[in-house]
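Visitor: I'd like to ask you about the structure that follows.
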Amino acid sequence: MKVIICKNYQEMSLKAAEAAAEGIRENPAGLVSFPGGDTPLLMVRNFTQMVNTGAVDISRAYYISLDEWVGLSDADEGSCGRFNREQLLDRLESPFAGVHLINGAAVDIEKERESMDAYINAHGPLTVSVLGIGMNGHLGFNEAGVDFGLNAHITMLDETTRKVMKKYFGEKFHPTQGITQGVAQIMAAKKVILIASGAHKADMIRRTVRGPVTGKVPASVLQRHPNCYIFTDLEAGAKL
Ligand code: PGA
């Protein structure tokens, strides 16, 4: 694990975008994944700008989203797919070679799960996996207690995740399940980039980096990844 504590959110977002771009330059025909949420917003903006100015070529790379709330598709406000589309895909002047946005609203959610595995099998393994970290240490919706051997799966959401999700949906939507890439797929990535910003993430970053590798803190599994970068701002890195 290489931990890079940046002076602020702006620097963290720029360095993470550069690291993602570098991973694509090393494997230009690979599979890329970015998270949704608040943290990646500026990283994604920076990355988009890099693509649009020709600093990185994604024309041979494929893209898959990391996770989705079961019940929501990229048409729904607050969904990860909509974040991906509005903040990333719609802003790219030259597109990825192919894109799979997880459809959490699929009538047959098991079939959607299978299609994620199939997409990753066809275009993967992931060359660049960018991740956020939840207040409970989750990666995507790999919630506490997750089996590190899983590929794409559908899971019940943790109590903590259900509390935090109010910041995305208010009282409008109360998802109970998520669909996510699995830890096995994340761990198979050639390069993993985890980003964290804010004092509220400091405890989980400390447990991720310094604590035991445990399913209780899913992100701690990244200690075993041979090419993992963690970018934090000063606040999120304060307890290291
Ligand atoms: P956030 O979400 O970036 O909105 O804090 C992170 C996560 O839950 O993975």
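The values are calculated or read from the model by the stated rules, or taken from the named source; none is laboratory data. It should be emphasised that the depicted structure is a prediction, and the values quoted were computed from it without experimental measurement. Cβ atoms come from the backbone with ideal geometry, glycine included; neighbour counts cover every protein chain shown.
Visitor: Just to verify a result, which residue in the stretch 170-195, among those that are outside any loop (DSSP other than H, G, I, E, B) and under 11 Å from the mean Cα position of the chain (by Cα), is nearest to Ile154 (Cα to Cα)? Before you say what the answer is, go through the steps one by one.
Guide: To start, the set of residues in the stretch 170-195 that are outside any loop (DSSP other than H, G, I, E, B) comprises 177-180, 183-187, 191-195.
From what is left, the residues that are under 11 Å from the mean Cα position of the chain (by Cα) are 180, 186, 192-195.
Details: Thr180: 7, Ile186: 16, Val192: 22, Ile193: 23, Leu194: 22, Ile195: 24 Å.
The selected residue is Thr180.
Visitor: Mind telling me which of the residues Ala196, Ala202, Ala188 ends up being surrounded by fewer than 18 Cβ atoms within 10 Å (Cβ to Cβ) and at pLDDT 95 or above?
Guide: Numbers: Ala196 fails: surrounded by fewer than 18 Cβ atoms within 10 Å (Cβ to Cβ); Ala202 fails: surrounded by fewer than 18 Cβ atoms within 10 Å (Cβ to Cβ).
That would be Ala188, the only listed residue that is surrounded by fewer than 18 Cβ atoms within 10 Å (Cβ to Cβ) and at pLDDT 95 or above.
Visitor: Between a residue in the stretch 22-42 that is within 16 Å of the ligand (Cβ to nearest atom) and any residue that is assigned to a helix (DSSP H, G or I) and at pLDDT below 95, which pairs come within a Cβ distance under 9 Å, given they are 6 or more apart or on different chains?
Guide: Gly36/Tyr168; Gly37/Tyr168; Asp38/Lys167; Asp38/Tyr168
Visitor: The conditions are (1) free of Cβ contacts under 8 Å to residues at least 60 places away in the same chain; (2) out of contact with any Ser or Thr (no Cβ under 8 Å at 6 or more places or on another chain), and Val213 fails exactly one of them. Which is it?
Guide: (2)
Visitor: Now, a different point. List the residue pairs whose Cβ atoms are under 9 Å apart, where the first residue sits in the stretch 136-158 and is farther than 19 Å from Ile109 by Cβ and of a type in the set (Phe, Trp, Tyr), the second is more than 16 Å from the ligand (Cβ to nearest atom) and in a loop (DSSP other than H, G, I, E, B), and the two are 6 or more positions apart or on different chains.
Guide: Phe148/Val213; Phe148/Gly215
Visitor: When residues of the stretch 46-71 are filtered for being touching a helix residue (DSSP H, G or I) at 6+ places or on another chain (Cβ under 7 Å) and not hydrophobic (A, V, I, L, M, F, W, C), how many remain?
Guide: Number satisfying all stated conditions: 6.
Visitor: Moving on. If you scan the stretch 19-34, which residues turn out to be in a helix (DSSP H, G or I) and buried (at least 18 other Cβ atoms within 10 Å of the Cβ)? Give the steps one after another, and end with the answer.
Guide: Initial filter on the stretch 19-34 (in a helix (DSSP H, G or I)): 19-26.
Across the stretch 19-34, the qualifying residues are Ala19, Ala20, Ala21, Gly23, Ile24.
Visitor: Can you say whether Ile193 is in contact with an Asp or Glu (Cβ under 8 Å, 6 or more places away or on another chain), more than 10 Å from the ligand (Cβ to nearest atom) and under 14 Å from Leu66 (Cβ atoms), as far as the supplied structure shows? Walk me through how you get there before you give the answer.
Guide: On the way: in contact with an Asp or Glu (Cβ under 8 Å, 6 or more places away or on another chain): no; more than 10 Å from the ligand (Cβ to nearest atom): yes; under 14 Å from Leu66 (Cβ atoms): yes.
It is false that Ile193 is in contact with an Asp or Glu (Cβ under 8 Å, 6 or more places away or on another chain), more than 10 Å from the ligand (Cβ to nearest atom) and under 14 Å from Leu66 (Cβ atoms).
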